[in-house]
Amino acid sequence: MNLELVTEEATMTPNVTSRPVNPICRNRQAPYTHEILEQLDITGILLFAILTFMTLVTVLVFIEEAYYMYRKISGIKKSIIIWVNAAAPIIAVTCCVGMWIPRSTMFTDFTASVFLAVLIHKFQLMLVTECGGKKKFLQKFGGTKLQLHTGPLCCCCVCFPRKNIHSRTLFILKLGTFQFALLRPILMFLAVVLWTNGTYAIGDSRAESATMYINLLVAVITLTALWAVGIMFNLVRPSLVDKKIIPKFACYQFIVILSQLQTSTINILGSMGVIACAPPLPGPSRASYMNQQLLIMEMFLTTVICRMLYRRRYEEKPALTEDEETKENLQNSTLCINGKAMDEGLQKV
């Protein structure tokens, strides 16, 4: 009888002494802004101020660089380079907004993913424009074979045949990045809609959840787009070494890897409980919070490096077929010259 009482007391004591679970950690819902600010100490306030200041400096550096590009470069190349350099500041701004307003993470991720999709497509177009445009690109590489076994897809498939480069091949490569720029915003919009209904959750890895299928589709189209860019880069890399294309490609990959792989890894760790709940932040929200702070610092460094790479003296003139404004300016200038010549001839007569 005494042994039964002892065993019953031993089984009952863990339930009595167990710590109560915080309701914030249980519902896993992101807090409001005022709840975050009320819990900040001096270190947290300094961290918020420094990261916000770094975001502001990132935006100012990009605006100065875009103004320089707008004045020094003519033609379609100007807008492509500005778009490529805009990805890091936009990601920094969205992360800063998500840091101050934790419940806006889905909307900030949607905005960042749209600009990331545009970045990948624009970077591939920049590789073509750096070679002088579509016509010069085909003239220069028309006699070479295209290497298909490159990363991140098919890097081990050496048996793939080499394809000739022509206008159809270039169109397929552009289509590989364009599908990402088109489908990624659509999938993220669907994720936001399902998130409002409670069907989509960041970091949810269950097989029956919509999050798993959306993430799989995003992974497939992302790898396809990166594969197309990798094929193009391996082709033009030897001829664009003087234009610092290798460090530019490294910065581009840096942005893609950090905004995709780092974000996915940290969100999975938060959903699995590896990143513990720290009220008022539950585990998933704390993971997003940490990722946003890291991305602000990383995008700040990337923006500074991109300014050093892209802000140089541009002496190339655009092709007249690619810039209608240049055509109009040339026509206006010739009319002015002819008008002056006619006036001088009449005065002499």
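A Cβ distance below 7 Å, combined with a sequence gap of six or more or placement on separate chains, defines the contacts here; from segment 100-117, residues that are closer than 20 Å to I45 by Cα reach residues that are among the polar types (S, T, N, Q) in the pairs W100/T33; I101/T33; P102/S285. Criterion applied to A191, A210, A276 was being within 30 Å of E38 (Cα to Cα), over 17 Å from the mean Cα position of the chain (by Cα) and among the aliphatic types (A, V, I, L, M), and the one residue passing it is A276.
Scanning segment 238-271 for residues that are free of Cβ contacts under 8 Å to residues at least 12 places away in the same chain and either among the β-branched types (V, I, T) or not in a helix (DSSP H, G or I) (or both) yields V241, I246, I257, T265.
Of the candidates Q262, Q293, the single residue that is surrounded by 15 or more Cβ atoms within 10 Å (Cβ to Cβ) and modelled with pLDDT of 80 or more is Q293.
Across segment 306-315, not a single residue is classified as modelled with pLDDT of 60 or more, surrounded by 19 or more Cβ atoms within 10 Å (Cβ to Cβ) and among the basic types (K, R). Checking each residue in segment 164-184 for being in contact with a Ser or Thr (Cβ under 9 Å, 6 or more places away or on another chain) and crowded, with 18+ Cβ neighbours inside 10 Å picks out I165, G176, T177, F180, R184. I'd like to know if segment 31-42 contains one or more residues that are open to solvent by 80 Å² or more (accessible area, probe 1.4 Å), closer than 19 Å to T105 by Cα and not in a helix (DSSP H, G or I). Scanning segment 31-42 turns up at least one residue that is open to solvent by 80 Å² or more (accessible area, probe 1.4 Å), closer than 19 Å to T105 by Cα and not in a helix (DSSP H, G or I). For segment 197-222, a tally of residues being modelled with pLDDT of 85 or more and part of a loop (DSSP other than H, G, I, E, B) returns 0.
The single condition from (1) more than 22 Å from F180 (Cα to Cα); (2) crowded, with 17+ Cβ neighbours inside 10 Å that I246 fails is (2).
Of all residues in segment 113-138, those being of a type outside the set (S, T, N, Q) and open to solvent by 20 Å² or more (accessible area, probe 1.4 Å) number 11.
Consider segment 127-140 and keep the residues that are touching a residue at least 60 places away in the same chain (Cβ under 8 Å), under 25 Å from the mean Cα position of the chain (by Cα) and part of a helix (DSSP H, G or I). The one that is farthest from K174 (Cα to Cα) is E130. If the condition is being open to solvent by less than 40 Å² (accessible area, probe 1.4 Å) and among the hydrophobic types (A, V, I, L, M, F, W, C), then segment 227-243 contributes A228, V229, I231, M232, F233, L235, V236, L240. State the number of residues belonging to segment 61-92 that are closer than 28 Å to G176 by Cβ and either of a type in the set (A, V, I, L, M, F, W, C) or open to solvent by 20 Å² or more (accessible area, probe 1.4 Å) (or both). The qualifying residues number 19.
The values are calculated or read from the model by the stated rules, or taken from the named source; none is laboratory data. The structure displayed is predicted, hence computed values, not measured ones. Every residue, glycine as well, gets a Cβ built from its backbone with ideal geometry; the counts of neighbours run over all protein chains shown. Note: accessible area is taken over every heavy atom of the protein model, side chains too, but ligands, DNA and RNA are not part of it. Shrake-Rupley method; radii C 1.70, N 1.55, O 1.52, S 1.80 Å.
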